[in-house]
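**Q** Starting off with a structure, shown below.
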Amino acid sequence: MKSNILAATKLTALCILLLMVVYPIMVWGIAQLSPNHGKGKVIETNGKIYYSNIGQSFTDNKYFLSRPSAVDYNAAGSGGSNKAPSNKEYLQMVNARIDTFLLHNPEVKKSEIPVDLVTASGSGLDPHISVQAASVQVKRIAKIRGLQESNIQQLIHVYTEQPLWGLFGPNRINVLRLNIALDNLK
């Protein structure tokens, strides 16, 4: 019995040392080698600091809308809704998002709305939308801002990010960066 207690105590002390001291120091040290020293991808504009790798809420019609968030864009509580597509409450939420989108974008048909504008991502913090999701919003934004649609389409083209290594995933657009560029458009 004494030998078991002594072995368990040694193992506990070793785990505490490794997992509460050595590992965090290693992760912190590696983060210091990364850009911005592990503090995330930061964009500073008009005296405000934003994290470009975390989704932001844009509700004003003069901006491109973000992907909905199941966690209200709270990075401390990342997560999806975990509701199945057959769940009645989930279907009502998606239908309400579709109706709201159509209300603000009357020139868009229901069948033209990309799924990423009405469903949350798995993390609830996705900062990107598809090129199609940006394109269906162009008419509304051009009308409100008094801009030509071609200028906004060009902005979408400039801010389109290619898939990882040209292979993994679709083309996508960081909504925060696109909206900042839209504000800077003359």
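The values are calculated or read from the model by the stated rules, or taken from the named source; none is laboratory data. Keep in mind the model is a prediction, meaning the values are calculated, not measured. Virtual Cβ from ideal backbone geometry, glycine too; neighbours counted across all protein chains shown.
**Q** I need the full set of residues from the range 145-161 which are part of a loop (DSSP other than H, G, I, E, B) and either closer than 17 Å to residue 63 by Cβ or under 18 Å from the mean Cα position of the chain (by Cα) (or both), in order please.
**A** Selection gives 146, 147, 159.
**Q** While we're here: Filter the range 71-112 down to residues that are more than 17 Å from residue 55 (Cβ to Cβ) and not in a helix (DSSP H, G or I), then give me how many there are.
**A** 11
**Q** Against the condition farther than 20 Å from residue 59 by Cβ, among the aliphatic types (A, V, I, L, M) and surrounded by fewer than 17 Cβ atoms within 10 Å (Cβ to Cβ), how does residue 164 come out, does it pass? Working first, answer last.
**A** Details: farther than 20 Å from residue 59 by Cβ: yes; among the aliphatic types (A, V, I, L, M): yes; surrounded by fewer than 17 Cβ atoms within 10 Å (Cβ to Cβ): yes.
So residue 164 passes the test.
**Q** Among the residues of the range 133-144, is any assigned to a loop (DSSP other than H, G, I, E, B), surrounded by 13 or more Cβ atoms within 10 Å (Cβ to Cβ) and among the β-branched types (Val, Ile, Thr)?
**A** There is at least one residue in the range 133-144 that is assigned to a loop (DSSP other than H, G, I, E, B), surrounded by 13 or more Cβ atoms within 10 Å (Cβ to Cβ) and among the β-branched types (Val, Ile, Thr).
**Q** Is it the case that some residue within the range 71-83 is surrounded by 12 or more Cβ atoms within 10 Å (Cβ to Cβ), modelled with pLDDT under 95 and touching a strand residue (DSSP E or B) at 6+ places or on another chain (Cβ under 8 Å)?
**A** Checked against the condition, which is being surrounded by 12 or more Cβ atoms within 10 Å (Cβ to Cβ), modelled with pLDDT under 95 and touching a strand residue (DSSP E or B) at 6+ places or on another chain (Cβ under 8 Å), the range 71-83 yields at least one hit.
**Q** Looking at this structure, is residue 41 closer than 30 Å to residue 100 by Cβ, surrounded by fewer than 10 Cβ atoms within 10 Å (Cβ to Cβ) and either outside the structural domain of residue 128 (by TED's automatic domain parsing) or under 24 Å from the mean Cα position of the chain (by Cα) (or both)?
**A** No.
**Q** Which condition does residue 129 not pass, out of (1) of a type outside the set (Gly, Ala, Ser); (2) at pLDDT 90 or above; (3) under 30 Å from residue 36 (Cβ atoms); (4) exposed (fewer than 15 other Cβ atoms within 10 Å of the Cβ), if it passes all the others?
**A** (4)
**Q** Go through the range 1-55 and give me each residue that's among the basic types (Lys, Arg) and either farther than 30 Å from residue 159 by Cβ or free of Cβ contacts under 8 Å to residues at least 12 places away in the same chain (or both).
**A** So the first thing to find is which residues in the range 1-55 are among the basic types (Lys, Arg), and the list is 2, 10, 39, 41, 48.
Those that are among the basic types (Lys, Arg) and either farther than 30 Å from residue 159 by Cβ or free of Cβ contacts under 8 Å to residues at least 12 places away in the same chain (or both): 2, 10, 39, 48.
Table: residues versus (1) touching a Phe, Trp or Tyr at 6+ places or on another chain (Cβ under 7 Å); (2) outside the structural domain of residue 125 (by TED's automatic domain parsing); (3) within 26 Å of residue 172 (Cα to Cα).
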site: 17; (1), (2), (3): no, yes, no
site: 22; (1), (2), (3): no, yes, no
site: 29; (1), (2), (3): no, yes, no
site: 33; (1), (2), (3): no, yes, no
site: 52; (1), (2), (3): no, no, yes
site: 56; (1), (2), (3): yes, no, yes
site: 60; (1), (2), (3): no, no, yes
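**Q** Moving on to the next point. Which condition number does residue 90 fail, the rest of (1) modelled with pLDDT of 85 or more; (2) within 26 Å of residue 181 (Cα to Cα); (3) surrounded by 14 or more Cβ atoms within 10 Å (Cβ to Cβ) being met?
**A** Just one mismatch for residue 90, condition (2).
**Q** Still on this model: Kindly evaluate residue 118 against the criterion of being over 19 Å from residue 80 (Cβ atoms) and either over 14 Å from the mean Cα position of the chain (by Cα) or touching a residue at least 12 places away in the same chain (Cβ under 8 Å) (or both).
**A** On the way: over 19 Å from residue 80 (Cβ atoms): no; either over 14 Å from the mean Cα position of the chain (by Cα) or touching a residue at least 12 places away in the same chain (Cβ under 8 Å) (or both): yes.
Spelling it out, it is not the case that residue 118 is over 19 Å from residue 80 (Cβ atoms) and either over 14 Å from the mean Cα position of the chain (by Cα) or touching a residue at least 12 places away in the same chain (Cβ under 8 Å) (or both).
**Q** May I ask you to verify whether residue 172 is assigned by TED's automatic domain parsing to the domain that holds residue 59, crowded, with 18+ Cβ neighbours inside 10 Å, charged (D, E, K, R) and touching a residue at least 12 places away in the same chain (Cβ under 8 Å)?
**A** yes
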